[in-house]
Amino acid sequence: MIGFLLAALALTACTLLFIVPPLLRKDDDAVLVVRDDLNLAVLRDQLRELDADLAAGMIDAGAYDSARQELERRVTEEVGVQLPAGQARTAARWTSLGLVLAVPLLASMLYIVLGSPLALETLRESPHAASPQPINAMVTSLAERLKQQPDDIDGWHMLARSYNALERYQEASAAYAHLLTKTPNDADLLADYADTLAMLLNQSLQGEPEKLIDRALALEPGHIKALALSGSAAFERRDYAGALARWQKIIDVAPPESEVARTTAASMSQARNLMAQAPQPKTLAASDATPKPATVSAGRLEGVVELDPAVRRQVAATDTVFIYARAHDGPRFPLAVLRKQVKDLPVAFVLDDSMAMMPGVKLSDFDSVLVGARISSSGSATARPGEPEASINAVPRGAKNLRLRIGESGSRATPGTPAMSGQ
């Protein structure tokens, strides 16, 4: 609060610096009256010329009288009453004094009437407090209204998107299901519904979501979102050729510099790499019957997650900590996830294939991954802007001694081998 008051005083002082000095400038008497003297001299010359024209018979008495009255009118308009210089400076000083007192007083009164003096203190005490109650209240009000207006298609679309934004995927799914009864042949709706169902199924597109995607593509074979989801569903099943075929259709129509083209190309590159790494059929030898320790540890990552003391003061002990690994270049969903709480930090972690999020997509399938740790006050698996986190990119399979420190000024992550780089 003190900082705010100092800043307000500084701004007020700057304002007065632009106003007061010109009023106190000590111009001499000649400068103060020079404009009126010039105007009066010009009008006198014009009167002499008028007298000369009358004497020479160039104009009659009527025209002379009319012209003289016009000159007298201009004298009253263009030559003002000039205060003596001393009186003018005295008036300027009083005006300046009035402004010095009036500007801060007026600003303070406006802030008291229109401002919120407690807002800064509240923000200081609780910097991350952004109550969702007003938003939830508006969404609830919309839901109540739509119960009486079941045919309001735009309203139901807005309700479904609002539920998704609030991560209330169960209600969003119900809203999309209602919409589907009203507009069953809407490819956009089918793709959005499939995406929402996937969130309910732990981000898996298998089953009902993929059926909805197929319906969308039957209506619009070139639907970008449906093609992207269909490719991801095939990727989950390790049908890399099918994923490439669907994603190639996006590349064929999307502008090369667009974000969708770049992300699709990255996913296609990952699918090609996995196809190349797929094991070839071979006869199982007796020596291969028992897995070797090196093979078991190939999909295992080990490390420690720490918390900067400055961040610990901003979070609650029961806030969720997600420790995860995802592909360096490829699908955006996590390959393995471990859930802890802030009170557990520092904590040693192990990520392996048993923690896979998607059926058939394992940590050991990828040569290079990103390992991260994120604190979520809501406990949501979906990241939100501003949440404290740390990450290490380009971590090779089987890495150990990873160290992630969730810090206030960006993440500090110490890789376990010299070949890795923190970000």
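The values are calculated or read from the model by the stated rules, or taken from the named source; none is laboratory data. Computed from a predicted model, the values in this text were never measured in an experiment. Positions of Cβ are backbone-derived with ideal geometry, glycine not excepted, and every protein chain shown enters the neighbour counts. Protein only, heavy atoms only, side chains kept; ligands, DNA and RNA dropped before computing areas. Shrake-Rupley method; radii C 1.70, N 1.55, O 1.52, S 1.80 Å.
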Enter the accessible area of ARG215 (Å², nearest 10), with the probe set to 1.4 Å and all protein chains included.
100 Å²
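Could you compute how fast segment 340-401 diffuses translationally, taking Rh as the Kirkwood radius over C-alpha pairs and applying Stokes-Einstein at 10 °C with viscosity 1.306 mPa s? Give it in µm² per second.
Using the Kirkwood radius from Cα pairs, D works out to 117 µm²/s.
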Once amide hydrogens are built 1.01 Å from N within the peptide plane, the residues lying 5 or more places from ARG403 or on another chain with amide H under 5 Å from its amide H are VAL304, THR414, GLY416
Can you put SER162, SER230 in order of accessible area, largest first, using a 1.4 Å probe?
SER162, SER230
Using θ = phi - 60° and the Karplus curve 6.51 cos²θ - 1.76 cosθ + 1.60, what whole-Hz ³J(HN,Hα) does each residue of segment 140-151 get, with Gly and Pro shown as x?
4, 5, 5, 4, 5, 5, 6, 4, 8, 10, x, 9
Here segment 194-201 yields Karplus 3J(HN,Hα) values (6.51, -1.76, 1.60; θ = phi - 60°; whole Hz; Gly and Pro given as x) of 4, 4, 5, 4, 4, 5, 6, 9
Could you go through segment 159-172 in sequence order and give the Karplus-derived ³J(HN,Hα) for each residue, using 6.51 cos²θ - 1.76 cosθ + 1.60 with θ = phi - 60°, rounded to whole Hz, and x for Gly and Pro?
5, 4, 5, 5, 4, 4, 5, 8, 6, 9, 5, 5, 5, 4
Below 13 angstrom from the Cβ of SER173, what's the summed charge of the other residues (Lys, Arg +1; Asp, Glu -1)?
-3
Hull surface over four for the Cα convex hull of segment 179-246, reported in nm², is 4.1 nm²
To the nearest 0.05, what FRET efficiency results for GLU70 and GLN149 with a Förster distance of 60 Å applied to their C-beta separation?
0.20
So how exposed is ILE251, as accessible area in Å² (1.4 Å probe, rounded to 10)?
60 Å²
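For SER258, SER376, SER354, write out the residues from largest to smallest accessible area, computed with a 1.4 angstrom probe and no ligands counted.
Values: SER258 25, SER376 0, SER354 100 Å².
Sorted descending by solvent-accessible area, the residues read SER354, SER258, SER376.
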Amide H of GLN341: which non-local residues (sequence gap of 5 or more, or other chain) have their own amide H closer than 5 Å, using H built in the peptide plane?
VAL321
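What number comes out for accessible area per residue over segment 295-392 if the probe is 1.4 Å? Units Å², please.
42 Å²
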With every protein chain left in place and a probe of 1.4 Å, what is the accessible surface of HIS328, to the nearest 10 Å²?
70 Å²
Carbon + sulfur, % of accessible area of segment 151-271 - ligands and nucleic acids excluded, 1.4 Å
55 percent
Using modelled amide H (1.01 Å from N, peptide plane; none on Pro or chain starts), what sits under 5 Å from the amide H of ARG300, excluding residues fewer than 5 places away?
GLY398
Can you compute the FRET efficiency between SER368 and VAL260 using 1/(1 + (r/R0)^6), with r the Cβ-Cβ distance and R0 = 22 Å? Round to the nearest 0.05.
0.40
Using a/c under 1.5 as the rounded threshold, could you call segment 123-248 rounded, prolate or oblate? The axes a ≥ b ≥ c are square roots of the C-alpha gyration tensor eigenvalues, and prolate needs a/b larger than b/c, oblate otherwise.
oblate
